[in-house]
Amino acid sequence: MSRNKLTIYNTLSSKKEIFTPIYEDFVGMYVCGPTVYSNVHLGNCRTFISFDMVYRYLLHLGYKVRYIRNITDVGHITTDTNDEVDRIGEQAKLEKMEPMEIAQKYTVYFHQIMEQFNNLSPSIEPTATGHIIEQIEWIKEILNNGFAYEINGSVYFDVLKFNDSYNYGILSGRKIEDLLSGTRDLDGQDEKRNPLDFALWKNASPEHIMKWSSPWGMGFPGWHLECTAMSSKYLGNEFDIHGGGMDLKFPHHECEIAQSTSANGKTPVQYWMHANMLTLNGKKMSKSTGNTLNPDELFSGKNQLLDKAFQPMVVRFFMLQAHYSSILDFTSEALQASEKGFNKLMEAIKTINLLPFSEKSSVDVKSLVDKFFSAMNDDFNTPILIAHLFDAVKIINSVKDGKEFLTQNDLLFLKENVECFVYNVLGLKTNQDEQNNNKLNEVMDLIIDLRKKARDSKDWPLSDFIRDRLVQVGITIKDNKESTSWI
Ligand code: AMP
Ligand code: ZN
């Protein structure tokens with residue numbers, strides 16, 4: 001199945017499009033990373049799992065992917081209501097820490113959680129604070145082109161001026177008149193020319209801790225600019241895929257497009273991808289409203305919403321059972337159903353290794369595997385892929401029961417592809433306890449073999465030594481007529 005069949009729903013055109021990267025064989029992908037001022041919640045995790053799956057499938061298709069996911073460790077965040085807050089600075093005050101301590105603390109936590117969910121590390125994980133110089137260069141360019149203005153040591157993007165030549169709303173479909181009617185009048189306190197204008201650079205008050213010198217005085221960058229600076233630095237002014245959660249489409253991504261276009265006349269991204277929200281009680285999971293669930297609570301079961309603890313892989317499987325662009329509601333019952341499905345899938349993978357093969361096959365496994373690819377090529381349709389994987393589970397169990405049969409080649413082909421799609425593409429793995437158990441079983445097989453060798457050569461002291469040492473670690477060996485077992 002060739003990779004030129006991959007289609008992606010492009011938010012920019014609101015259509016599914018055939019994916020053609022700018023440079024054949026190479027893909028540049030940028031995904032907005034976390035703002036590290038608090039523990040990453042399960043909603044954030046869903047978006048990062050969605051793009052991890054996209055990254056994995058692109059790799060599986062043989063692309064050489066440069067995947068950039070940044071860390072937002074400074075910045076003036078613009079909220080949905082166009083208010084501006086310095087979240088990291090605020091949290092630093094609250095926890096009585098340095099802003100950089102806050103950023104470090106929550107970055108470490110973020111990495112731990114990403115690892116537990118088996119997300120691959122991005123190729124580069126740049127920080128906003130590490131790219132202040134690049135951001136200043138962008139501001140100079142935008143000012144030079146007349147699409148920004150400086151006032152009192154701050155620089156603002158001039159949205160109306162931009163919209164005269166280009167389209168502010170190209171991504172989100174919002175109309176400037178509607179946006180204007182939705183904003184409050186400037187009350188005279190605001191130094192912006194227009195409420196829609198957004199900060200590229202903010203003048204820092206003396207007590208502000210995170211600040212840098214710039215041509216406009218001491219200050220710090222606006223939030224939207226960091227992604228423009230970092231994506232262009234590592235992927236160029238035009239690159240293939242830009243992703244993030246649906247809530248970033250406006251204003252964040254709209255502003256990124258405006259910044260790039262005003263500086264170099266080019267829209268930066270070929271394919272905009274937006275992952276949909278995880279909801280809790282039907283409402284967006286969000287730190288600011290407190291409607292959240294932390295991954296740790298899920299793994300420990302310590303939350304009143306949960307009847308039990310869930311393994312990270314069960315949670316990952318639950319998320320991938322929905323299409324990345326659909327809203328997914330979290331419930332304990334849904335997770336329990338996913339746990340059953342996950343266990344059934346993993347059990348079937350173990351069973352494949354034990355299946356007998358036949359002279360002929362009674363099922364066409366090639367066309368089934370083609371369906372795995374077709375599902376993923378259709379805008380990364382993981383729920384359909386999972387449905388086809390369960391078709392494979394059915395076949396595996398039928399072969400086990402002697403109701404269907406497969407040749408050695410077909411069996412191998414099915415095994416390779418099921419394992420590849422489950423492990424490499426969906427990024428699932430057997431849970432840790434089970435992995436440890438499997439290892440222990442193998443080590444015990446080895447010890448029992450060694451002991452048998454000792455006994456065969458009548459080396460009784462060695463055979464007794466092995467048995468006694470095992471007793472010391474709580475393992476008893478039992479010799480039966482046919483075999484040796486252990487408990
Ligand atoms: P933040 O740290 O707030 O910048 O968010 C990091 C990522 O998580 C962004 O791509 C957000 O769009 C995404 N995100 C935030 N809330 C949710 C949610 N409830 N469901 C899915 N993704 C979310
Ligand atoms: Zn971003």
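The values are calculated or read from the model by the stated rules, or taken from the named source; none is laboratory data. Predicted model, so just to flag it, every value in this text is computed and none were measured. As a convention, Cβ positions derive from the backbone with ideal geometry for all residues, glycine included, and neighbour counts pool all protein chains shown. The accessibility values were calculated without ligands, DNA or RNA, using every heavy atom of the protein model including side chains. Shrake-Rupley method; radii C 1.70, N 1.55, O 1.52, S 1.80 Å.
With respect to the conditions (1) touching a residue at least 40 places away in the same chain (Cβ under 8 Å); (2) within 16 Å of ligand 1 (Cβ to nearest atom); (3) not assigned by TED's automatic domain parsing to the domain that holds residue 8, residue 254 lacks only one, and its number is (3). Among all residues of region 169-181, there is at least one that is modelled with pLDDT under 95, surrounded by fewer than 18 Cβ atoms within 10 Å (Cβ to Cβ), more than 29 Å from residue 427 (Cβ to Cβ) and among the aliphatic types (A, V, I, L, M). Here is the figure for region 242-272: residues that are among the β-branched types (Val, Ile, Thr) and within 13 Å of ligand 2 (Cβ to nearest atom) total 2. Screening region 7-115 for strands (runs of 3 or more DSSP E) wholly inside it with 3 or more residues that are of a type in the set (Ser, Thr, Tyr) and in contact with a helix residue (DSSP H, G or I) (Cβ under 9 Å, 6 or more places away or on another chain) returns no ranges. Residue 206 meets all of the listed conditions (1) surrounded by fewer than 21 Cβ atoms within 10 Å (Cβ to Cβ); (2) within 16 Å of ligand 1 (Cβ to nearest atom) but one, namely (2).
Only one of the listed residues (226, 191, 177, 238) is within 16 Å of ligand 2 (Cβ to nearest atom) and not polar (S, T, N, Q). That residue is 226.
Do we find a residue being closer than 14 Å to residue 272 by Cβ, open to solvent by 10 Å² or more (accessible area, probe 1.4 Å) and among the small types (Gly, Ala, Ser) anywhere in region 9-20? Lay out the reasoning, then the answer.
Of region 9-20, the ones closer than 14 Å to residue 272 by Cβ are 9-17, 19.
With the extra rule that they be open to solvent by 10 Å² or more (accessible area, probe 1.4 Å), the set shrinks to 9, 11-17.
Those still in the list that are among the small types (Gly, Ala, Ser) too: 13-14.
So far as region 9-20 goes, yes, one or more of its residues are closer than 14 Å to residue 272 by Cβ, open to solvent by 10 Å² or more (accessible area, probe 1.4 Å) and among the small types (Gly, Ala, Ser).
Taking residue 410, is it surrounded by fewer than 18 Cβ atoms within 10 Å (Cβ to Cβ), assigned by TED's automatic domain parsing to the domain that holds residue 316 and in contact with a helix residue (DSSP H, G or I) (Cβ under 7 Å, 6 or more places away or on another chain)? Spell out the reasoning first.
Working: surrounded by fewer than 18 Cβ atoms within 10 Å (Cβ to Cβ): no; assigned by TED's automatic domain parsing to the domain that holds residue 316: yes; in contact with a helix residue (DSSP H, G or I) (Cβ under 7 Å, 6 or more places away or on another chain): yes.
No.
Based on this model, can you work out whether residue 384 counts as part of a helix (DSSP H, G or I), over 27 Å from the mean Cα position of the chain (by Cα) and of a type in the set (A, V, I, L, M, F, W, C)?
Numbers: part of a helix (DSSP H, G or I): yes; over 27 Å from the mean Cα position of the chain (by Cα): no; of a type in the set (A, V, I, L, M, F, W, C): yes.
It is false that residue 384 is part of a helix (DSSP H, G or I), over 27 Å from the mean Cα position of the chain (by Cα) and of a type in the set (A, V, I, L, M, F, W, C).
In this structure, residue 164 does satisfy being under 19 Å from residue 257 (Cα atoms) and open to solvent by 60 Å² or more (accessible area, probe 1.4 Å).
When each of 228, 289 is tested for being within 16 Å of ligand 1 (Cβ to nearest atom), β-branched (Val, Ile, Thr) and open to solvent by 10 Å² or more (accessible area, probe 1.4 Å), the lone residue that passes is 289. When residue 278 is tested against (1) near ligand 1 (Cβ under 8 Å from one of its atoms); (2) surrounded by fewer than 23 Cβ atoms within 10 Å (Cβ to Cβ), only condition (2) is not met.
Scanning region 364-382 for residues that are open to solvent by 60 Å² or more (accessible area, probe 1.4 Å), within 15 Å of residue 409 (Cα to Cα) and in contact (Cβ under 8 Å) with a residue 12 or more places away in the chain yields one hit, 366. Only a single criterion out of (1) free of Cβ contacts under 8 Å to residues at least 60 places away in the same chain; (2) out of contact with any helix residue (DSSP H, G or I) (no Cβ under 7 Å at 6 or more places or on another chain); (3) under 25 Å from residue 86 (Cα atoms) is not satisfied by residue 194, namely (2). The numbered conditions (1) in contact (Cβ under 8 Å) with a residue 12 or more places away in the chain; (2) surrounded by fewer than 18 Cβ atoms within 10 Å (Cβ to Cβ) are all true for residue 148 except (2).
Out of region 12-42, which residues are within 16 Å of ligand 2 (Cβ to nearest atom) and within 18 Å of the chain's Cα centre (by Cα)? Give the steps one after another, and end with the answer.
Narrowing region 12-42 to residues within 16 Å of ligand 2 (Cβ to nearest atom): 12, 28-37, 40.
Scanning region 12-42 gives 28, 29, 30, 31, 32, 33, 34, 35, 36, 40.
Test residue 122 against the criterion of being farther than 30 Å from residue 11 by Cα and open to solvent by less than 60 Å² (accessible area, probe 1.4 Å), and give yes or no. In short, no. Being surrounded by fewer than 19 Cβ atoms within 10 Å (Cβ to Cβ), touching a helix residue (DSSP H, G or I) at 6+ places or on another chain (Cβ under 9 Å) and not in a loop (DSSP other than H, G, I, E, B) holds for only one residue in 340, 344, 302, and it is 344.
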